[in-house]
Structures are given as C-alpha cells and as structure tokens.
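First comes the structure, then the notes that go with it.
The values are calculated or read from the model by the stated rules, or taken from the named source; none is laboratory data. All values derive from a computational prediction rather than experimental measurement. Because the Cβ atoms are built from the backbone with ideal geometry, glycine has one as well, and the counts that use them run over all protein chains shown. Just the protein is used for accessible areas: all its heavy atoms, side chains included, with ligands, DNA and RNA removed. Shrake-Rupley method; radii C 1.70, N 1.55, O 1.52, S 1.80 Å.
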Amino acid sequence: MTPDLSVNFAGIPLKNPVIAASGTFGYGIEFEDVVHLDRLGGFVVKGLSREPMTGNPPPRLYETAAGMLNAIGLQNIGARAFVDEKLPKLRELKNIVVFANVFGYTREDYERTLQILNEGEGIAAYELNVSCPNTAHGGIQFGSDPRSLDEVVTLARRNTRRPLIVKLSPNVTSIAQMARVAEEAGADAISLVNTFIATAIDPETRKPRIANVTAGLSGPAIKPIAVRMVYDAAKAVKIPIIGMGGISTAADIIEFMLAGATAIQIGTASYWDPVATEKIVAELETWCGEHGVDRVASLTGGLVME
Ligand SMILES: Cc1cc2nc3c(=O)[nH]c(=O)nc-3n(C[C@H](O)[C@H](O)[C@H](O)COP(=O)(O)O)c2cc1C
C-alpha cells in the first residue's frame with residue numbers, strides 16, 4: 001500500500017509535508033525546469049518587501065563545516081513586481097501551493113507589503129519573516145523582542161484574511177515565549193527556524209569571510225538546535241508548526257515531525273542539489289513504506305519518552 005503523505009496545514013491541504021524554504025527557491029518559477037513543482041507540498045518565495053531591494057555587497061555566501069553562511073541582505077523584486085510579473089506565471093501551473101514570505105523594516109512596511117500582496121490571486125498563505133532589524137526602534141529585530149513581535153503580528157493579522165504563518169527567529173532566549181506571543185497575536189501557524197547569527201574570519205588575511213561581517217548560519221550544522229526549538233515551541237502552542245533547519249534526508253523530516261512539526265521546509269540542501277526537495281519527497285514515501293507508516297501526518301508530536 002502506498003503511504004499517505006498528505007497533511008493538513010492550518011486548513012491548507014498539502015499533498016506532502018515538504019515545502020521549499022524562502023530564499024533558496026527563487027520565486028518558484030525559476031525552478032520549473034529543474035523540479036516538478038507539483039510534486040512538492042508547496043514552496044515559499046524569496047522574502048518580499050514594499051520596494052525592490054538590491055541586497056548586500058559580495059562576498060555574501062561562505063561554506064562552513066556542515067553549513068553555510070549567507071548575508072544576501074533580502075534582495076528581492078518587491079511585492080508589486082511579484083504580483084504583476086511572477087504570480088500570473090505561477091497561476092498557469094496546476095496543482096501547486098505558493099506561500100509568500102514578507103518582511104519589512106517598520107510596521108508600515110509590513111502593512112503596505114501585505115496590502116499589495118492581498119491584490120494578487122494564488123497565494124495560499126503568508127509567511128511573516130520577523131528576523132529583520134526594526135529601524136524605527138533602533139535596530140532590534142522584531143522577532144527578538146516580545147513586544148515588537150506582538151505589534152507586528154497583530155498588525156499583519158488586521159491586514160489579511162489569508163492564513164498567517166509567523167517565521168520565528170532562533171536568536172532568542174526563549175523560543176516558547178516567542179511562539180506564544182505569535183499565537184496570542186493571531187498567527188494561524190508558526191515556522192522555525194530562520195538562520196542563526198554567525199560569522200567567519202579568514203586567519204590569513206584577518207578579514208571577515210562575508211562583506212557584511214555577520215551572516216546567517218544554515219544547513220546540517222544547525223539541525224539539532226532547530227529540532228530542540230521545534231520541540232520547545234510545540235509544547236508551548238496549539239497552532240501548527242513548520243519545522244526547518246538542516247533537513248537533507250527523509251529521516252531528518254521524521255525527526256522534526258516527531259518533535260511536533262506538521263510540515264517541514266528545505267533550504268540549504270537545494271544549494272548542493274537543486275533537485276533535493278523533489279528527491280526527498282520520494283525518499284519520504286520509501287521511508288514510510290519501509291517503516292510501516294501508513295499516514296505521515298500521524299508522526300506529528302509522536303516522540304516516545306519511555
Ligand atoms: C541564501 C539564503 C537566503 C535566505 N533568504 C530568506 C528570506 O528571504 N526569508 C526568510 O524568511 N528566510 C530566508 N532564509 C532562511 C531559510 O528559509 C531557512 O529558514 C534557513 O536557511 C534554515 O533552513 P536550512 O538549514 O534548510 O537552510 C534564507 C536562507 C538562505 C540559505
């Protein structure tokens with residue numbers, strides 16, 4: 001019997017729990033010739049802002065032991081160009097689920113970006129990236145200050161009827177607290193983790209490996225911390241969770257689901273294998289078949305303690 005890979009995520013039916021992560025899958029359309037987009041549970045497009053952004057100067061990527069540093073600087077075409085140029089092409093594709101990732105530097109940025117995106121057809125849900133510095137409040141990240149997080153999620157909730165996923169920053173002391181703040185402010189779901197703030201220095205030149213000096217660490221190096229954070233968040237809230245951070249095999253997906261995730265995302269793995277997302281769906285089906293798992297959804301929160 002073929003295992004049932006479908007999951008229901010915050011009211012959105014997904015054919016499987018595998019979603020391509022924001023910033024690692026372009027606007028989806030660029031992957032059309034590489035991946036069968038309709039085989040994925042869904043994909044999250046590159047973070048969209050109110051105005052187009054050029055991002056940081058190079059070097060912006062650096063490979064570390066079992067991971068990757070990036071300081072792309074949220075380069076994107078802007079919400080308006082996404083609605084006018086990318087969404088119509090995505091709408092021609094059948095049987096796909098598109099999530100729009102949204103970020104801003106002020107509360108007004110989030111509000112305006114959502115208002116523009118609300119005009120577009122074919123967005124299943126928003127994923128709110130709260131990991132950018134809030135320039136109106138002296139640079140602290142929205143996602144690392146409970147009050148700022150509450151404000152931005154409350155505002156976003158007021159500006160859309162579409163499902164709202166809040167993507168939490170892992171650069172906090174208590175992920176459980178931040179998860180609860182997002183839930184109470186009206187989030188339909190949370191996703192975690194975003195990248196860990198990190199850096200690397202070249203001992204020969206004594207210069208930073210990344211022009212921006214600090215960057216976000218992703219990939220297998222962060223996986224055990226990400227699984228722990230999903231576990232902590234799942235105990236703290238009732239809303240569903242998308243887990244991510246270093247997933248590259250079907251067994252990694254199972255780990256995140258047992259910790260409490262309903263669906264998962266794959267980011268950095270697409271950098272070393274552009275077909276990683278699709279391959280892992282096939283691998284997940286085989287894994288479930290071999291382990292007698294009829295319904296992948298039954299794994300969520302199934303950690304065995306005794
Ligand atoms: C190059 C790159 C760009 C990213 N851009 C975004 C982004 O625009 N918005 C966002 O919310 N997360 C962004 N992320 C974070 C990923 O979506 C994901 O949360 C993180 O990389 C952890 O998953 P992974 O270890 O599977 O890559 C980016 C990650 C990478 C590597």
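For region 74-86, the set of residues classified as surrounded by fewer than 16 Cβ atoms within 10 Å (Cβ to Cβ) and either part of a strand (DSSP E or B) or within 14 Å of the ligand (Cβ to nearest atom) (or both) consists of Gln75 only.
Among the residues of region 250-267, those that are away from the ligand (no atom under 12 Å from the Cβ) and without any contact (Cβ under 8 Å) to a residue 40 or more places away in the chain comprise Ala250, Ala251, Glu255.
Evaluation of Arg91 against the conditions (1) under 18 Å from the mean Cα position of the chain (by Cα); (2) open to solvent by 60 Å² or more (accessible area, probe 1.4 Å) shows that the sole unmet condition is (1).
When we screen Ala233, Ala276, Ala263 for residues that are at pLDDT 95 or above and more than 20 Å from Lys46 (Cα to Cα), the only hit is Ala233.
Report whether or not Asn101 is under 18 Å from Gly216 (Cα atoms), open to solvent by 10 Å² or more (accessible area, probe 1.4 Å) and either in contact with a strand residue (DSSP E or B) (Cβ under 6 Å, 6 or more places away or on another chain) or of a type in the set (Lys, Arg) (or both). Here the answer is no, as Asn101 does not meet what is asked.
The set of residues in region 121-172 that are under 12 Å from Val102 (Cβ atoms) and more than 18 Å from the chain's Cα centre (by Cα) comprises Leu155, Asn159, Thr160. If I filter region 110-157 down to residues being crowded, with 20+ Cβ neighbours inside 10 Å and of a type in the set (Ser, Thr, Tyr), which single residue comes out as nearest to Leu14 (Cα to Cα)? Ranking the qualifying residues of region 110-157, first place goes to Tyr126. When region 58-70 is filtered for residues that are more than 9 Å from the ligand (Cβ to nearest atom) and either surrounded by 17 or more Cβ atoms within 10 Å (Cβ to Cβ) or in a strand (DSSP E or B) (or both), the ones remaining, listed by number, are Tyr62, Glu63, Thr64. For the list (1) buried (at least 21 other Cβ atoms within 10 Å of the Cβ); (2) part of a loop (DSSP other than H, G, I, E, B), I need the number of the one condition that Ala226 fails. All conditions pass for Ala226, except number (2). Here's a check for you: in region 296-306, which residue that is aliphatic (A, V, I, L, M) and part of a helix (DSSP H, G or I) is least open to solvent (accessible area, probe 1.4 Å)? Within region 296-306, the match that is least open to solvent (accessible area, probe 1.4 Å) is Val296.
Go through the residues of region 135-153 one by one and say whether even a single one is of a type outside the set (Gly, Ala, Ser), in contact (Cβ under 8 Å) with a residue 40 or more places away in the chain and not in a loop (DSSP other than H, G, I, E, B). There is at least one residue in region 135-153 that is of a type outside the set (Gly, Ala, Ser), in contact (Cβ under 8 Å) with a residue 40 or more places away in the chain and not in a loop (DSSP other than H, G, I, E, B). Residues in region 14-41 that are on the phi > 0 side of the Ramachandran plot and either more than 14 Å from the ligand (Cβ to nearest atom) or touching a residue at least 40 places away in the same chain (Cβ under 8 Å) (or both): Gly23, Gly28. What's the number of the only condition in (1) open to solvent by less than 50 Å² (accessible area, probe 1.4 Å); (2) of a type outside the set (D, E, K, R); (3) away from the ligand (no atom under 12 Å from the Cβ); (4) closer than 18 Å to Gly23 by Cα that Thr214 fails to meet? Only one criterion is unmet by Thr214, namely (1). Within region 28-46, being open to solvent by 20 Å² or more (accessible area, probe 1.4 Å) and closer than 21 Å to Val102 by Cα holds for Ile29, Glu30, Phe31, Lys46.
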